[in-house]
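Structure record follows, encoded as structure tokens.
Taken together, the values in this text are just the output of simple stated rules run on the coordinates, not laboratory data. As the structure is a computational prediction, the values presented were derived from the model and not from experiment. All Cβ positions, even for glycine, are placed from backbone atoms using ideal geometry, and neighbour counts span all protein chains on display.
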Ligand SMILES: [Mn+2]
């Protein structure tokens, strides 16, 4: 596989790296790592994401080179951290899938259970067992074909791993992940520096700190206290989202409530759109399955979905909580059966 990817890269000059419409530290870190690695090979690299890079990721150097219009002139594309059509609404809407399908395409991902797979890919490497993040997968491939990993590339790969493993703390973390972290450190990535950058960027204005208190106050519990959720309406999105993304403000605190296994931050928009960010605690790896059931995607501990088909928020919430409860119960039954 790695050799075939090397051949495709060898034959291309202009290379496009595509992220899905749910950018996170892994997809952005993977894009930026590829930008450096392929750039060092003398390629012209373009990065695309259909939506704006969220503010909480803007501590990553180079985020502002990600385009949100798809360039039409390229020889090869990489799709990183996604392998399903579901997460590419913007390409669907603009009708630009044709451009991507008309050229060789390499899909690199670590989400195993995707529905509607991107079946046109020239090469698809979807490894859901041995790597913690797409960045780690890129690292493995780059080593197999002896591509140079600059300190900048190493840093972006490290960020991708820390993002998906929540700082090496969830069980996506593999033995190979610790080895990769050691190798990346040798290559010049500095975890302490990365954490400092992220913390500095994560500092919030006073008004946001106080808003966080209100979100905590409004948090509700469901399913015998195993699911925590909160709703952010349009007027708060307008007021606070430009300053800070409301989800990350409370979502990890919600997972710290005793007995809570899953947290949900719903956002409701005036045009009827409902979105949800899903996070789960170690031992309750159902976030991705819940998101898929609701028409979205993600992985075991972090996922999301959006509903735009006119269903009311009340209906979406009821269905989401019902299915989440079922998945948690199913998980317990599997554990008991073992
Ligand atoms: Mn990922």
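For segment 206-337, just run the numbers: alpha carbon Rg, then divide by 2.2 N^0.38 Å, N being how many residues it has. Could you put the intermediate results ahead of the total?
Details: Rg = 14.4 Å, N = 132, 2.2 N^0.38 = 14.1 Å.
Cα Rg divided by the expected 2.2 N^0.38 Å: 1.03.
Sort the following peptides by mean Cβ neighbour count (other Cβ atoms within 10 Å, averaged over residues), highest first: 296-306, 197-207, 211-221, 282-292.
296-306, 282-292, 211-221, 197-207
Summing -39500 (n - 2.57) over the DSSP H runs of n ≥ 4 in the chain and dividing by its residue number, what mean residue ellipticity at 222 nm do you reach, to the nearest 500 deg cm²/dmol?
That calculation yields -13000 deg cm²/dmol at 222 nm.
Dividing the convex hull volume of the alpha carbon atoms of segment 1-153 by its residue count, what do you get in Å³ per residue?
103 Å³
Give the angle, between 0 and 90 degrees and rounded to the nearest 10, that separates the Cα long axis of helix 191-202 from the longest principal axis of the Cα atoms of the chain.
Around 50 degrees separate the two axes.
Once you order the gyration tensor axes a ≥ b ≥ c over the Cα atoms, which shape class does segment 37-126 get: rounded for a/c under 1.5, otherwise prolate or oblate by comparing a/b with b/c? Intermediate results must be reported in sequence, preceding the final value.
Details: a/c = 1.35, a/b = 1.20, b/c = 1.13.
Taking the square roots of the gyration eigenvalues as a ≥ b ≥ c, segment 37-126 is rounded.
What are the principal axis extents of the Cα atoms in segment 164-210, in Å, biggest first?
42, 25, 10
I need to check one value: relative contact order of the chain, counting alpha carbon pairs closer than 8 Å and at least 6 residues apart, in percent.
Dividing the mean separation by the residue count of the chain yields 13 percent.
Please determine, in degrees from 0 to 90 and to the nearest 10, the orientation of helix 134-144 with respect to the longest principal axis defined by the Cα atoms of the chain, where the helix direction is its Cα long axis.
Approximately 20 degrees, to the nearest ten.
Which three extents, in whole angstrom, do the alpha-carbon atoms of the chain cover along their principal axes, largest first?
Projected onto the principal axes, the Cα atoms of the chain cover 56, 49, 43 Å.
Report, in degrees rounded to the nearest 10, the 0 to 90 angle that the Cα long axis of helix 151-164 makes with the longest principal axis of the chain.
Once rounded, the angle reads 30 degrees.
Going by a ≥ b ≥ c, the root eigenvalues of the Cα gyration tensor, does segment 264-338 fall in the rounded group (a/c under 1.5), the prolate group (a/b larger than b/c) or the oblate group?
Note, shape of segment 264-338 comes out prolate.
If we sort 156-169, 92-105, 178-191 on the protection proxy, mean other Cβ atoms within 10 Å, highest first, what's the order? Don't skip to the answer; put the middle values down first.
On the way: 156-169: 23.7, 92-105: 14.4, 178-191: 16.4.
Taking the mean over residues of other Cβ atoms within 10 Å, the ranking is 156-169, 178-191, 92-105.
Taking every alpha carbon pair in segment 100-152, what does the distance histogram look like in 5 angstrom bins from 0, in percent?
For segment 100-152, the binned pair fractions read 4, 18, 23, 22, 19, 10, 3, 0 percent.
Sort 24, 270 so that the residue with the fewest other Cβ atoms within 10 Å of its own Cβ comes first and the one with the most comes last.
270, 24
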